[in-house]
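Structure record follows, encoded as C-alpha cells.
The values are calculated or read from the model by the stated rules, or taken from the named source; none is laboratory data. Quick caveat, the model's predicted, so the values are computed rather than measured. Cβ sites come from the backbone with ideal geometry, for glycine too, and all protein chains shown count toward neighbours.
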There are 2 protein chains.
Amino acid sequence: MNIHEFLIPPAESARRKGPHDRIVMSSRVRLARNIRDAAFPGWAKKPERVRILDQIRPAVETLPEMRGAFSESMDNLSTLDKQILVERHLISREHAAKSAGSGLVLNRDESLCFMINEEDHLRMQALRPGLQLKQAWMAIDQADSVLEKRLEYAFSQDVGYLTACPTNLGTGIRVSAMLHLPGLVLAEQINPIIQSVNKLGLAVRGLYGEGTEALGNVFQVSNQMTLGEAESAIVERLDKVLSQIIEHEENARGTLLEKKPKMVYNHIGRAYGILANAHSISSKETMNLLSLMRLGMDLGLFPGSDRSLTDELFILTQPAHLQRQYSEKLSAEERDLLRADMVREHLKAVSRPISKPSGSEGGKLDKPEKQ
Amino acid sequence: MNIHEFLIPPAESARRKGPHDRIVMSSRVRLARNIRDAAFPGWAKKPERVRILDQIRPAVETLPEMRGAFSESMDNLSTLDKQILVERHLISREHAAKSAGSGLVLNRDESLCFMINEEDHLRMQALRPGLQLKQAWMAIDQADSVLEKRLEYAFSQDVGYLTACPTNLGTGIRVSAMLHLPGLVLAEQINPIIQSVNKLGLAVRGLYGEGTEALGNVFQVSNQMTLGEAESAIVERLDKVLSQIIEHEENARGTLLEKKPKMVYNHIGRAYGILANAHSISSKETMNLLSLMRLGMDLGLFPGSDRSLTDELFILTQPAHLQRQYSEKLSAEERDLLRADMVREHLKAVSRPISKPSGSEGGKLDKPEKQ
C-alpha cells in the first residue's frame, strides 16, 4: 500500500478537534517494550531483527483496533515517505533512518502507531488531538494488555519492563503533549515557565523532540522518569501541569492584549503581511510566522478564518510534503519559492487582520500608547 | 508667516514631475558666497552675524524670483520647524542648529532656497525635480549675478570666491542629485559603481548628505572639486556621469527581472506586506521598505498606483512630519505606532503586488526557478 494514499489529507487532519486545542495541539502516550531473551535492536544482527519484526508485526496487525492498518517494513519506504511520516509526528527521526528489520504499523485514523525495532523492539504510541492524555493512555494500555498475552516481554520483578536505554526502564512510558505557546514567548515568560516545569521533573523540548528547536512557538512537554511511579500517576501529574501551563498561556495572551495590544497586532500583522506576499520563504520562517497567525486566529483577528488554515499549512509547507508534490528533486532554494507560492495561494482568501474594536481590549488606533 | 502653511503639501510635492524621475528624485546646485572683509560665520561674533544677515536678507528678498518668499531669522523657527525643513531637504542639519544671526529665504515653489550664515555668509541653492542640473544651474547663476551687483563678495583674482572651508574655494559650487538605486543595491552592483564614481572625482553620500547612511537606497552624487574647473563644465560632467548611472540602474532592474524575477517579487512583496500590516515601524525600516515599493511601482507591479504614493509617505513618515500632527510631544516608540497607522491607512487602497504575466519577464509561478 502507498503511504501517500493512506495518510489523512492535511486539510482534514488540521480540522480535528480536541479539548483545549487552542493551545494543546496533540497528546501522546508511548510505551517501550522488548522481547525476552533477544538482543536490543542496536546490538542485534540483521537476522535477529528480522526475526523479531516477523514475530511482533502479526501480533500488532491482528489487534482489533488495527483493522485496515498500514503495515510495512522500513526498507519498503522511500526516504521521502519516511520524512513525511516524521513531519506528521508519526515516527521518530531515528526510526526514519532504519531499513530492513524495522517496521511500522499505523492504524486507519492515525491514533495508534507502532514502531518495531526502533531503539526498543516495540514502541507503541497513542495520539489524540488536544489535551487527551488519559484517553491516549487508556487506548495504549488496552493494546499493550492484549500484546502482553501474545508476546513474551522482557520484564523484571525488580525494575519492571526492560528497555535499551535506562531512561525508559520500569514503566517504559513517555507521556507528552505539543503545546502552542506564542503568548508566553511574546510576553517573555517562557523561560521561567520552562524552568518551573523542569523542576517538576518534566522535560520541555522543541517541535521534533529531543535536541530540537522550538520552531513556531511549539513546545513538547513530557515526563522524564519512568521508574518508581505508576503510569496513571504520571499521566495525572502531567495533566495537572499542562492545565497550569494552559492557564499561564491564556493569561499571557489576555495581559498582552490588554497592556500591549499594538505589540500583538504588530507581530500578527507583519506575520500575515509577509506570508501573504513573500515569493521565497524558508520552512523555519514559515513556521514562526504561521504560529503568530494562529495566535491571531485564536484572538479573533481573522474573522471568517480559523486555525485549521494555519494548521494545514504547518503540515503542507514542510520540506518532504512540499517535495512530494513535484516529480523533480527540488533544492532548498526551489522549495522556498514553491512554499511561498503555496502559502500566498492559501492566504488569498484571508483578509488583513483586524484590530479589536476600541473599548474592547484597548486596541484603539488614534491615541498613542505607552509601551 | 507660519512655515507649516507656507510649505507645499507632501501629496502635491510628491506629484511633481521631472526628466528621469523614476531614478533621479531631485537635482540641486548650490553656491557658497561670502561678504568681503567680514569674518566667516563660524568666527564672527553675534553682532557681526546679525549685521551680515541684515545686509544679505533684503538683497535676496528683493530678487524678482523671490516674490512672496518665506523669509525668517532662524531664532524665530522652532526646533520642530527646522527639523521639518531638514526632512524636506531645504536646509542642512548644520543650518537647523543655528539661531539668531542666521536666516532662511525660501521662494514660493521651493525651487530657490537661501541659507544666510550657515558655514558661509550665503549659501544659495536651486532645486528641481528629476534630472535638471542645467536648469538648476541657470536659475542659481542668474540669482547670483544679480546679487553680485548688490553685495560685495569676497573674491580673489587668483583662486576665485573665498569660502570658510577650502573644499568650496574657487567656484563655491556644489552640484548634486538624489538618486534612487534599488536595482543596483539588489543586484549587489552598488559598491563598484560608487567606487567608479569616486574615481571620477565625485562624492557619493547618503540621504541627508555628508556622513549619513543611504537609507531607502537613496544616494546623493555630487562634485568634490570646486577649484580649477568652470561651473558649466562641472555641471556637464556630473550630468554625463548621472546619465551613465541611470543607465546602469535601468540595466540592473531589467536583468534582475529577467534573471531573478522571484527575488525581486519577494523583496517587493514582503515590503508591501509589512508596510500594509505593521502596527509599529521605525523611520529607517519605513524608508527601506518604501524604497522597494517604489521600485515595484516603477516595474508596474502595483497597477493603478504610482510612486507619488510612496514619495508622499517618504516625507510624511519622517519624525518631525509625524510629530507635527500631534500636540503632545511623542516618544520614538509612540511615533513608531503612529507611523505604522499612517502607512497602513495610505496603503488600504493599494492591492497586493502582482507578478508579471508569464512569458513577459520570466515571472511564471508554476515552475521552480534556479537562482
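Among the residues examined, A:Leu181 qualifies as of a type in the set (A, V, I, L, M, F, W, C), in contact (Cβ under 8 Å) with a residue 24 or more places away in the chain, crowded, with 22+ Cβ neighbours inside 10 Å and touching a Phe, Trp or Tyr at 6+ places or on another chain (Cβ under 6 Å).
Would you check which residues across the stretch B:284-298 are closer than 14 Å to B:Leu309 by Cα and within 12 Å of chain A (Cβ to nearest Cβ) and list them? The answer is B:Leu289, B:Leu292, B:Met293, B:Gly296. Of all residues in the stretch A:296-321, those satisfying the criterion of being polar (S, T, N, Q) and within 17 Å of the chain's Cα centre (by Cα) are A:Ser308, A:Thr310, A:Thr317, A:Gln318.
Tallying residues that are surrounded by fewer than 23 Cβ atoms within 10 Å (Cβ to Cβ), closer than 12 Å to B:Leu7 by Cβ and touching a Leu at 6+ places or on another chain (Cβ under 7 Å) within the stretch B:89-108 yields 1. Taking the stretch B:1-59 as the range and being in contact with a Lys or Arg (Cβ under 7 Å, 6 or more places away or on another chain) and polar (S, T, N, Q) as the test, the residues that pass are B:Ser26, B:Ser27. Among residues belonging to the stretch A:237-283 that are charged (D, E, K, R) and surrounded by fewer than 21 Cβ atoms within 10 Å (Cβ to Cβ), point out the one that is nearest to the other protein chains (Cβ to nearest Cβ). If we take residues in the stretch A:237-283 being charged (D, E, K, R) and surrounded by fewer than 21 Cβ atoms within 10 Å (Cβ to Cβ), then A:Lys260 is nearest to the other protein chains (Cβ to nearest Cβ). Of all the criteria given as (1) among the charged types (D, E, K, R); (2) farther than 30 Å from B:Leu313 by Cα; (3) touching a strand residue (DSSP E or B) at 6+ places or on another chain (Cβ under 6 Å), the one not satisfied by B:Glu72 is (2).
Can you work out which of the residues in the stretch A:345-371 that are facing another protein chain (nearest Cβ under 8 Å) and at pLDDT 90 or above is farthest from the chain's Cα centre (by Cα)? In this case the residue turns out to be A:Arg352.
Just checking, which of A:Ser73, A:Ser78 is over 19 Å from A:Asp109 (Cα atoms), free of Cβ contacts under 8 Å to residues at least 24 places away in the same chain and surrounded by fewer than 20 Cβ atoms within 10 Å (Cβ to Cβ)? A:Ser78 is the lone residue from the list that is over 19 Å from A:Asp109 (Cα atoms), free of Cβ contacts under 8 Å to residues at least 24 places away in the same chain and surrounded by fewer than 20 Cβ atoms within 10 Å (Cβ to Cβ). If we scan the stretch A:9-29, do we find a residue that is in a helix (DSSP H, G or I), on the phi < 0 side of the Ramachandran plot, at pLDDT below 95 and among the aliphatic types (A, V, I, L, M)? Yes; the residues of the stretch A:9-29 include at least one that is in a helix (DSSP H, G or I), on the phi < 0 side of the Ramachandran plot, at pLDDT below 95 and among the aliphatic types (A, V, I, L, M).
Within the stretch A:302-348, the set of residues being touching a Pro at 6+ places or on another chain (Cβ under 7 Å) and either over 19 Å from A:Pro9 (Cβ atoms) or of a type in the set (Gly, Ala, Ser) (or both) comprises A:Phe302, A:Leu330, A:Glu334, A:Arg335, A:Leu337.
Taken over the stretch A:116-138, the criterion of being closer than 17 Å to A:Ser26 by Cβ, touching a residue at least 24 places away in the same chain (Cβ under 8 Å) and among the hydrophobic types (A, V, I, L, M, F, W, C) is satisfied by A:Met124, A:Ala126, A:Leu127, A:Leu131, A:Leu133, A:Ala136, A:Trp137.
Here A:Ser291 fulfils each of the conditions (1) within 25 Å of B:Ser355 (Cβ to Cβ); (2) at pLDDT 95 or above; (3) in contact with a helix residue (DSSP H, G or I) (Cβ under 7 Å, 6 or more places away or on another chain) apart from (1). Of all the numbered requirements in (1) surrounded by fewer than 21 Cβ atoms within 10 Å (Cβ to Cβ); (2) within 14 Å of chain A (Cβ to nearest Cβ); (3) of a type in the set (A, V, I, L, M), B:Ile315 misses one, and that requirement is (2).
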